[in-house]
Each structure stands twice: as C-alpha cells, then as structure tokens.
Amino acid sequence: MTDQQTVLALECTDSIQIHTEKRTLTGVIYQCEHCEPELTCRGPEPGEYVLYFATPTHDLYRLQYAYYNEIEHTEATLEYYDLSPNGRYTWLRTGARVECIINPSGGEQA
C-alpha cells in the first residue's frame with residue numbers, strides 16, 4: 001500500500017501515529033476534509049486530504065497531505081492549534097517534517 005493510499009484510507013475515530021524529526025505523535029482523528037485532484041486552466045491542481053487529530057493530552061494538530069496523481073509530487077505539513085502572539089487561538093506551523101505515518105492496521109509507511 002502506498003503512502004497516498006494509507007493517508008486516504010484514514011477516517012474519523014482512527015488512531016494515527018506520526019513520526020517527526022523531534023518526536024512521535026499519537027492521537028485520534030476527529031475530522032477529515034478531502035478534495036480530489038483536478039485539471040484546471042492553470043494546470044493540475046493537487047488533491048488535498050486534511051486530517052485533524054487530538055493527542056491524549058488534548059493537543060490538537062492538523063496534518064495536511066497534498067498529492068498529484070499524474071506527477072509524483074507529494075507534500076505533508078503539520079500544524080498545531082495553540083495561542084498565537086496576538087492572543088487568539090490559531091493553527092501554528094510546528095516546523096516538523098513528517099517522516100512517516102503509521103496505518104492503524106499496523107503497517108508502517110515511509
């Protein structure tokens with residue numbers, strides 16, 4: 001199973017484990033948003049799958065996975081829900097690079 005198939009197979013209430021450069025995050029997915037790739041007048045628009053998950057300590061993260069079908073170009077970014085400098089809660093970039101996602105069924109994807 002490819003990385004793309006693994007990510008697209010994840011659904012709400014699934015457990016997820018994400019390895020970043022600094023640490024491993026484990027949580028439960030509570031929301032998913034998905035849009036398919038499409039060809040527009042500007043060229044191919046990537047498909048995007050956004051997973052929102054919460055860790056056992058109630059930290060909230062957003063994992064954004066963008067992918068193309070025609071061209072192999074895949075990108076994953078991780079954001080953390082926390083207080084911004086202006087005092088409002090917002091999604092902040094964590095600077096983490098997602099190394100692999102572990103499928104809840106047990107297979108590791110690099």
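Nothing in this text is a laboratory measurement; each read-out follows from the coordinates by a stated rule. Being a predicted model, the structure only gives us computed values, none of them experimental. Every residue, glycine as well, gets a Cβ built from its backbone with ideal geometry; the counts of neighbours run over all protein chains shown.
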(request) Between residue 20 and residue 50, take the C-beta separation as r, use R0 = 25 Å, and let me know the FRET efficiency to the nearest 0.05. (result) 0.90
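Using Cβ counts within 10 Å as a stand-in for footprinting exposure, how do 75, 48 rank, fewest first?
75, 48
Rank-order 86-93, 6-13 by packing density, defined as the average count of other C-beta atoms within 10 Å over each peptide's residues, highest first.
Order by mean packing, descending: 6-13, 86-93.
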(message) At 1.306 mPa s and 10 °C, plugging the Kirkwood radius over alpha-carbon pairs of region 3-103 into Stokes-Einstein gives what diffusion coefficient in µm²/s?
(response) 110
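Length gain on complete extension for the stretch residue 83 to residue 5, per 0.36 nm per residue less the alpha carbon to alpha carbon distance? Don't skip to the answer; put the middle values down first.
Details: separation 78, 0.36 × 78 = 28.08 nm, distance 3.33 nm.
Result for the pair: 24.7 nm of gain on full extension.
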